[in-house]
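Undergrad: Sending over a structure as C-alpha cells; questions will come in a sec.
The values are calculated or read from the model by the stated rules, or taken from the named source; none is laboratory data. Bear in mind that the values here come from a model prediction, so they are computed numbers and not experimental data. Cβ atoms come from the backbone with ideal geometry, glycine included; neighbour counts cover every protein chain shown. When the accessible area is computed, the model is the full protein with side chains, heavy atoms only, and any ligands, DNA or RNA have been set aside. Shrake-Rupley method; radii C 1.70, N 1.55, O 1.52, S 1.80 Å.
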Amino acid sequence: MTKEQRTLEIIDRLKKEYPDAKCTLDYKEAWKLLVSVRLAAQCTDARVNVVVAGLFEKYPSVEALAAADVEEIERIVKPCGLGHSKARDISACMKMLRDEYGGQVPDDFNALLKLPGVGRKSANLIMGDVFGKPAIVTDTHCIRLVNRMGLVDGIKEPKKVEMALWKLVPPEEGSDFCHRLVMHGREICTARTHPYCERCCLSDICMKAGVET
Ligand code: SF4
C-alpha cells in the first residue's frame, strides 16, 4: 500500500469512526470563532467555551469588542492563560476587522494571516469551518498522529506538516480529516507514551502501531 493509498484508507476509516467531525469550539458567527481560536492556545476548548460566553455577553459585536478596554478584555479572558497577549491580539484583531473589513471576517487565507494573533493553524481552521474551503489544521494532535501513522516522517514543524499533508489529503477532505484526528488523538491515539493501539481502527495500517513513540 502506498502512502497515498494509506492516507485515503485512514481518511475513510476515521470517517466511519467519527461521522460527526466538527470543531469543539462553540461559535455561531465567524468573528467569534476567531476570538475563540486565539484563546484556545495552550487552553482547552471546554474552558474557552465557558470564558467566551461571558465575553460575548458583555461585547456582542465586533464593534463592541473593538471599542472595549483592553484591560477589561484581559480580566475576562485571564482563565484561558496568556491573558495579556491574548487580550491585546483580540483587541487589535477586532479593530482591524472593524476598520478594514466592515466588521466581517475575510474569506481569504492571506488576509486572515495578516490579522493580529492569527497564524496558519487558525487561518486554516477559519477557511475550513466558516467558509467550507480546503484546509489543513496542524495542531498538536494532527502532528503527533500523522507522524505515528507514517504519513509524514519525523516532521514536527506545523507548516512543514501542513505542506506534506496538502500533497496527500484530497482538498475537500482536509478540514474534516483534521477534526477527526483531534477526536482520535483525544480518545485513542493519546499523547501518552503508549497510545491505545489495541483499540484503534487503524492498527493494521498504522506504521507505529504498538511501537513506543
Ligand atoms: S495504531 Fe496506535 S499509533 Fe497508530 S493511530 Fe492507532 S493508536 Fe495511534
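Undergrad: Just one of (1) within 16 Å of the ligand (Cβ to nearest atom); (2) surrounded by 15 or more Cβ atoms within 10 Å (Cβ to Cβ); (3) within 15 Å of the chain's Cα centre (by Cα) trips up residue 209, so point out which.
TA: The failed condition is (3).
Undergrad: In the range 24-65, how many residues are touching a Pro at 6+ places or on another chain (Cβ under 9 Å) and open to solvent by 70 Å² or more (accessible area, probe 1.4 Å)?
TA: Selection size over the range 24-65: 2.
Undergrad: Another question about this same structure. Could you please let me know if residue 154 is in a loop (DSSP other than H, G, I, E, B), within 16 Å of the ligand (Cβ to nearest atom), on the phi > 0 side of the Ramachandran plot and not polar (S, T, N, Q)?
TA: yes
Undergrad: If we keep just the residues of the range 167-188 that are within 11 Å of the ligand (Cβ to nearest atom), in contact (Cβ under 8 Å) with a residue 12 or more places away in the chain and assigned to a helix (DSSP H, G or I), which is surrounded by the most Cβ atoms within 10 Å (Cβ to Cβ)?
TA: Applying the filter and picking the extreme gives 181.
Undergrad: Turning to a different aspect of this structure: Restricting to the range 194-210, count the residues that are among the β-branched types (Val, Ile, Thr) and either without any contact (Cβ under 8 Å) to a residue 24 or more places away in the chain or not in a loop (DSSP other than H, G, I, E, B) (or both).
TA: Within the range 194-210, residues that are among the β-branched types (Val, Ile, Thr) and either without any contact (Cβ under 8 Å) to a residue 24 or more places away in the chain or not in a loop (DSSP other than H, G, I, E, B) (or both) number 0.
Undergrad: Now a separate question. State whether one or more residues within the range 138-148 are free of Cβ contacts under 8 Å to residues at least 12 places away in the same chain and surrounded by fewer than 20 Cβ atoms within 10 Å (Cβ to Cβ).
TA: Scanning the range 138-148 turns up no residue that is free of Cβ contacts under 8 Å to residues at least 12 places away in the same chain and surrounded by fewer than 20 Cβ atoms within 10 Å (Cβ to Cβ).
Undergrad: Then there's this: Yes or no: residue 47 modelled with pLDDT of 95 or more and either under 22 Å from the mean Cα position of the chain (by Cα) or under 22 Å from residue 119 (Cβ atoms) (or both)?
TA: The answer is yes for residue 47.
Undergrad: Please enumerate the residues belonging to the range 157-166 that are over 18 Å from residue 13 (Cα atoms) and not in a loop (DSSP other than H, G, I, E, B).
TA: Selection gives 158, 159, 160, 161, 162, 163, 164, 166.
Undergrad: Moving to a separate point now. State the number of residues belonging to the range 86-100 that are under 9 Å from residue 74 (Cβ atoms) and open to solvent by 40 Å² or more (accessible area, probe 1.4 Å).
TA: Qualifying residue count, the range 86-100: 1.
Undergrad: Also, I was wondering about something else. Pairs needed: first member in the range 1-23, in a helix (DSSP H, G or I); second member anywhere, among the acidic types (Asp, Glu); C-beta distance under 6 Å; at least 6 residues apart or different chains.
TA: Pairs that qualify, where the first residue is in a helix (DSSP H, G or I) and the partner is among the acidic types (Asp, Glu), are 11/173.
Undergrad: Continuing with the same structure: Given the conditions (1) under 30 Å from residue 142 (Cα atoms); (2) outside any helix (DSSP H, G or I), and given that residue 60 satisfies all but one, which numbered condition is not satisfied?
TA: The failed condition is (1).
Undergrad: Pick from 111, 191, 164, 135: which is in contact (Cβ under 8 Å) with a residue 24 or more places away in the chain and away from the ligand (no atom under 16 Å from the Cβ)?
TA: 135
Undergrad: A further question follows. Tell me the residue from 103, 117 that is touching a Lys or Arg at 6+ places or on another chain (Cβ under 6 Å) and more than 16 Å from the ligand (Cβ to nearest atom), please.
TA: Answer to the selection: 117.
Undergrad: From 42, 104, grab the single residue that is of a type in the set (S, T, N, Q), in contact with a Leu (Cβ under 9 Å, 6 or more places away or on another chain) and at positive phi.
TA: Going through 42, 104 in turn, just one is of a type in the set (S, T, N, Q), in contact with a Leu (Cβ under 9 Å, 6 or more places away or on another chain) and at positive phi: 42.
Undergrad: Looking at the range 10-39 only, could you name the residues that are at pLDDT 95 or above and among the hydrophobic types (A, V, I, L, M, F, W, C)?
TA: Answer for the range 10-39, where residues must be at pLDDT 95 or above and among the hydrophobic types (A, V, I, L, M, F, W, C): 10, 11, 14, 30, 31, 33, 34, 35, 37, 39.
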